[in-house]
Amino acid sequence: MTGLMTLDSPVLLTCSPAFPRLSSGVPSSYQSSYRKGMAMETVKVSSKGQIVIPKELREAHHITPGMEFVVSTVGDEIRLRPAPLFTPTTHEQAAGCLYKKGRKPMTDAEMNKAVRKRVKRLDDATKAR
């Protein structure tokens, strides 16, 4: 299933700015349109609503089998963006991850002292090699 994607209503497929801008690895046939921020290629939609992203574009944008994308519409365009590897977490969601029953909260001075101690220990370990 390399390069297959299912789309509900095929209109226009554009590469989003989330893809890295590559100076090399982009086929010469795409160079002029790629510099303008868009690579053009005509693809057909299958009876199952699938399209095949051309091999040159998959390679240029490091698209691999199993890679997930977020599909969105902007006006009459369908846009694909690589799905984030991790779901964004808010401070409120992560606030309790360090909680340990009976642990006394540290003051800023205690935290700074602990950080300095750890950095020194790591620094000393690199010098011992």
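The values are calculated or read from the model by the stated rules, or taken from the named source; none is laboratory data. These figures come from a predicted structure and were not determined experimentally. Ideal geometry is used to build each Cβ from the backbone, glycine not excepted, and the neighbour counts take in all protein chains shown.
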**All positions within the stretch 59-78 that are under 18 Å from G49 (Cα atoms) and either β-branched (V, I, T) or not assigned by TED's automatic domain parsing to the domain that holds G49 (or both)** = V70, V71, T73, I78
**Asked** Do we have any residue at all in the stretch 36-51 that's basic (K, R), exposed (fewer than 10 other Cβ atoms within 10 Å of the Cβ) and at pLDDT 90 or above?
**Response** yes
**Fill in**
Residue hits (the stretch 50-62; part of a loop (DSSP other than H, G, I, E, B) and over 15 Å from R79 (Cα atoms)) are P54, H62
**Asked** Would a scan of the stretch 107-114 turn up a residue that is surrounded by fewer than 10 Cβ atoms within 10 Å (Cβ to Cβ) and either in a loop (DSSP other than H, G, I, E, B) or of a type in the set (D, E) (or both)?
**Response** yes
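If you take the residues in the stretch 79-106 that are more than 20 Å from G49 (Cβ to Cβ) and surrounded by 10 or more Cβ atoms within 10 Å (Cβ to Cβ), which one is modelled with the lowest pLDDT?
Filtering the stretch 79-106 down to residues more than 20 Å from G49 (Cβ to Cβ) leaves 82, 84-106.
Now narrow it down to the ones that are surrounded by 10 or more Cβ atoms within 10 Å (Cβ to Cβ): 82, 84, 93, 106.
Values: P82: 90, P84: 86, Q93: 77, M106: 85.
Only one residue tops the list, namely Q93.
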